[in-house]
Amino acid sequence: MLHKLLPFLALSLLFSCQQPPERNCSNFKNGRFSFTTEINGENKTTTFLRKDDLEVDYFEGKQDSSSVRWINECEYVLKNLNPKSKAEERSIHIKMLTTTDSSYTFEYNAIGDKKKFKGTAYKLD
């Protein structure tokens, strides 16, 4: 019986030893970025500038500002500085999952919501 399990155990061990994904989050604390997501069947792009504790978003000709509070090297919370509705009053938690030289993949959700979304932001400068 053990001889039948040995190949399975060897493969399990091999796959469990993979290196974790690259996360050089400090490269993305400041800069100009672009993020595209699908809204009502259409791709929509947001451009944003993040510097220290401030993020300014540009979406469909409108500008909005949020404070940035870093939880750790790869996680932060955005809080809209000028909310126009109850929904905009909710803070957004963002966690960088992986990074490349020019982008990061992240998950995000409104604080208190269980449903999380994923996206990729690209550094423009």
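Of the strands (runs of 3 or more DSSP E) that lie entirely inside the stretch 53-125, those containing 3 or more residues that are among the hydroxyl-bearing types (Ser, Thr, Tyr) span 62-72, 103-110. Of all residues in the stretch 97-125, those satisfying the criterion of being over 15 Å from Gly31 (Cβ atoms), within 16 Å of the chain's Cα centre (by Cα) and not polar (S, T, N, Q) are Leu97, Glu107, Tyr108, Ala110, Ile111, Asp113, Lys114, Lys115, Lys116, Phe117, Lys118, Gly119. Looking at this structure, is Phe33 touching a residue at least 60 places away in the same chain (Cβ under 8 Å), open to solvent by less than 60 Å² (accessible area, probe 1.4 Å) and in contact with a Lys or Arg (Cβ under 8 Å, 6 or more places away or on another chain)? Spelling it out, Phe33 is indeed touching a residue at least 60 places away in the same chain (Cβ under 8 Å), open to solvent by less than 60 Å² (accessible area, probe 1.4 Å) and in contact with a Lys or Arg (Cβ under 8 Å, 6 or more places away or on another chain).
Quick check: is even one residue across the stretch 103-113 open to solvent by 80 Å² or more (accessible area, probe 1.4 Å) and free of Cβ contacts under 8 Å to residues at least 24 places away in the same chain? No.
Residue-wise test of (1) under 20 Å from Ser66 (Cα atoms); (2) open to solvent by less than 80 Å² (accessible area, probe 1.4 Å); (3) β-branched (Val, Ile, Thr).
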{"position": "Lys79", "(1), (2), (3)": "yes, no, no"}
{"position": "Asn82", "(1), (2), (3)": "yes, no, no"}
{"position": "Ser85", "(1), (2), (3)": "yes, yes, no"}
{"position": "His93", "(1), (2), (3)": "yes, yes, no"}
{"position": "Thr100", "(1), (2), (3)": "no, yes, yes"}
{"position": "Lys118", "(1), (2), (3)": "yes, no, no"}
{"position": "Tyr122", "(1), (2), (3)": "yes, no, no"}
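Scanning the stretch 53-96 for residues that are more than 16 Å from Ala110 (Cα to Cα), polar (S, T, N, Q) and within 18 Å of the chain's Cα centre (by Cα) yields Ser65, Asn72.
The values are calculated or read from the model by the stated rules, or taken from the named source; none is laboratory data. The shown structure was predicted, so the numbers you read here are calculated from the model rather than taken from an experiment. So basically every Cβ, Gly included, is an ideal-geometry build from the backbone, and we count neighbours across all protein chains shown. Surface areas here come from the heavy atoms of the whole protein model, side chains and all, with no ligands, DNA or RNA. Shrake-Rupley method; radii C 1.70, N 1.55, O 1.52, S 1.80 Å.
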